[in-house]
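> Let me give you the structure first, and then I'll get to my questions.
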Amino acid sequence: MSAAGALDARLRPQIQALRDRDLHRQRRVVDGSHGARIRVDGRDCVNFCANDYLGLAADPRLAEAARASLARDGTGSGAAALISGHNREHRALEEALADFLGAEAALLFSSGWAANLGALRALAGPDTHLCADALNHASLIDGVRLTKAPYARVTHADAAAFDAALGNAPDAAIAVTDGVFSMDGDVAPLPELAGVCARRGATLYVDDAHGFGVCGPDGRGSLAAAGLSHADVPVYVATLGKSLGASGAFVAGSRTLIDYLVQKARTWVFSTAPPPALSAAARAGLAVLRSEPERLAALHANIAHFRAGATERGIRLGPPDGAAGEHAIQPLLLGDAGRTMAASRALFERGYWVAGIRPPTVPAGTSRLRLTLSAAHTREQIEGVLDALHAVLAPQAEPA
Ligand SMILES: *Cc1c(COP(=O)(O)O)cnc(C)c1O
């Protein structure tokens with residue numbers, strides 16, 4: 001057997017084990033842009049699983065900004081930012097983000113994953129006491145593990161549990177949480193967490209990938225929504241590939257924090273700077289967010305319309321232990337992975353692309369459909385997916 005054959009022989013049973021448990025995953029291929037209407041595996045459907053909350057991913061103004069940058073700046077940045085890769089476009093985006101958020105400074109990373117690994121590893125060492133919400137995003141979990149610090153996995157969205165976990169901490173402690181939880185659509189109790197951290201002398205670290213550009217006044221995110229500032233929450237991470245329709249991520253905070261990360265964040269120091277054109281696209285997205293508040297209003301009207309329509313049809317939305325929130329992420333709990341994927345396939349047959357979410361993304365027994373709303377959805381599309389959900393889920397309500 002060849003070396004590659006030997007490796008395959010070791011991998012194949014693990015793949016089969018996933019198939020046996022309805023946990024095997026596959027990609028569908030999209031032709032063209034990733035808007036609300038989307039062509040998938042050769043058929044047209046309506047997309048209810050993207051994180052493109054403002055409908056900017058397919059906006060021609062972002063593409064035009066990227067095209068202008070490509071013509072001027074070329075494709076590659078050529079090196080890491082500290083060597084020769086830091087372009088005027090990167091700098092302009094960092095300044096625009098800091099200005100929008102009311103933070104002193106911001107630092108661009110090539111992805112949210114890189115931002116969390118880099119920032120956590122830089123800020124925490126083996127002597128740091130870390131407390132992390134049990135439902136944090138996978139990149140926060142891996143970032144926390146990478147620090148080698150002992151860490152407490154704290155009951156989801158429970159400020160008292162954070163308080164108790166921080167109570168035993170020696171000096172340096174960091175509390176890490178999503179702002180809006182990516183699979184549940186609920187929010188962290190940020191005012192309470194900020195209070196707990198202030199009392200315990202701990203640093204609050206918020207990953208707002210799903211809150212930035214979505215909630216709070218002007219879409220400034222979870223801190224603004226909670227009436228908090230960057231003085232209360234020293235480390236704020238958000239991504240550019242979701243509401244802003246581009247790609248990449250950033251950390252926002254004090255000038256000192258950003259200067260420290262420039263020295264220490266390994267996923268930033270040792271990684272090629274992103275293409276300048278992506279920063280140009282993200283900055284164009286930010287400009288649209290600021291100049292067209294009606295987009296944010298349309299998103300929230302669509303969320304409210306979806307929720308009201310679900311209630312009318314007797315469709316129960318929400319995470320395992322709670323009621324559905326008013327966020328663009330609306331989970332519909334089905335429990336079993338096989339049943340969830342069957343429902344997702346049935347919806348696809350009807351022309352609606354709705355992701356089925358299974359372990360290990362969510363805990364076993366909490367598989368779900370995860371619907372995401374966008375400012376770009378029409379009322380007809382929302383009514384359509386609700387009717388399709390009603391039809392696909394209805395048989396389950398009848399006695400066997
Ligand atoms: C999507 C996401 C990330 C990762 O960001 P990428 O830019 O896609 O790598 C990090 N944290 C949260 C909460 C996310 O939802």
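> Under a 5 Å amide H to amide H cut-off, with H placed in plane at 1.01 Å, what residues pair with Ala246 once short-range neighbours are removed?
Under 5 Å from the amide H of Ala246 lie the amide H atoms of Gly241, each far enough along the sequence or on another chain.
> Please give the FRET efficiency for Arg266 paired with Arg88, using the beta carbon to beta carbon distance and R0 = 30 Å, rounded to the nearest 0.05.
Details: r = 25 Å, r/R0 = 0.84.
It comes to 0.75.
> Most exposed first by the Cβ proxy, i.e. fewest other Cβ within 10 Å, how do Leu140, Leu373 rank?
Details: Leu140 25, Leu373 28.
Listing Leu140, Leu373 from fewest to most nearby Cβ atoms yields Leu140, Leu373.
> Right, next: Please report the Cα spread of the range 28-69 along all three principal axes, rounded to whole Å, starting with the longest.
So the extents along the principal axes, rounded to whole Å, are 32, 20, 13.
> What list do you get for Cys197, Cys215, Cys45 if you sort them by fewest beta carbons within 10 Å?
On the way: Cys197 24, Cys215 28, Cys45 19.
In order of increasing Cβ crowding within 10 Å: Cys45, Cys197, Cys215.
> So which GluC sites (Glu not before Pro) in the range 244-341 are both in a DSSP loop and have at most 15 other Cβ atoms within 10 Å of their Cβ?
On the way: sites: Glu294, Glu312, Glu326; in loops: Glu326.
Qualifying residues, ordered by number: Glu326.
> What do you get when you divide the Cα radius of gyration of the range 102-244 by 2.2 N^0.38 Å, with N the number of residues? Don't skip to the end; give the middle numbers.
Values: Rg = 13.7 Å, N = 143, 2.2 N^0.38 = 14.5 Å.
Compactness ratio reported: 0.95.
> Continuing with this model, one more query. Can you give me the three principal axis dimensions of the chain from its C-alpha atoms, in Å, biggest first?
61, 60, 54
> Then there's this: May I ask you to compute the full-extension gain from Asp142 to Ala308, defined as 0.36 nm times their residue separation minus their alpha-carbon distance, rounded to one decimal in nm? Spell out each step's value before the answer.
Working: separation 166, 0.36 × 166 = 59.76 nm, distance 3.74 nm.
Roughly 56.0 nm would be gained on extension.
> Could you please state, rounded to a whole Å, how far the C-alpha centre of the range 232-263 is from the C-alpha centre of the range 274-328?
Between the Cα centre of the range 232-263 and that of the range 274-328, the gap is 21 Å.
> Test of understanding: extend the Cα→C-beta vector of Ser291 to 7 Å, then name every residue of the range 40-59 with backbone N under 19 Å from that spot.
Residues 54-59 qualify, since their backbone N sits under 19 Å from the label point.
> Go through the range 381-389 residue by residue and turn each phi into a ³J(HN,Hα) via Karplus (6.51, -1.76, 1.60, θ = phi - 60°); whole Hz please, and just put x for glycine and proline.
For the range 381-389, the Karplus curve yields 5, 5, 4, x, 6, 5, 5, 5, 4 Hz.
> Let me ask another. Just want the ordering: Ile15, Ile303, Ile38, from fewest to most Cβ atoms lying within 10 Å of their own Cβ. Numbers along the way, then the final one.
Values: Ile15 11, Ile303 26, Ile38 20.
Ordered from fewest to most neighbouring Cβ atoms within 10 Å, Ile15, Ile303, Ile38 come out as Ile15, Ile38, Ile303.
> Give me the percent relative contact order of the range 60-291, please, defined on Cα pairs under 8 angstrom at least 6 residues apart. The partial results should precede the final answer.
Working: 482 pairs, mean separation 70.7, N = 232.
Computed value for the range 60-291: 30 percent relative contact order.
> Please sort by residue number the GluC sites (Glu not before Pro) in the range 52-137 whose DSSP state is loop and whose Cβ has at most 16 other Cβ atoms within 10 Å.
Values: sites: Glu64, Glu89, Glu94, Glu95, Glu104; in loops: Glu104.
Here the sparse-neighbourhood loop sites are Glu104.
> Apply the Karplus curve 6.51 cos²θ - 1.76 cosθ + 1.60, θ = phi - 60°, to the phi angles in the range 124-131 and return the couplings in whole Hz, x for Gly and Pro.
In residue order, the calculated couplings are 10, x, x, 9, 7, 9, 10, 10 Hz.
> Also, I was wondering about something else. Run the simple label-point estimate for Ala198 and Ala80 please: 7 Å along Cα→C-beta, distance reported in nm.
3.8 nm
Values in this text are rule-based calculations from the coordinates and carry no lab data. Model, not experiment: these values are computed from the prediction. Cβ: placed from backbone, ideal geometry, glycine included. Neighbour counts: every protein chain shown.
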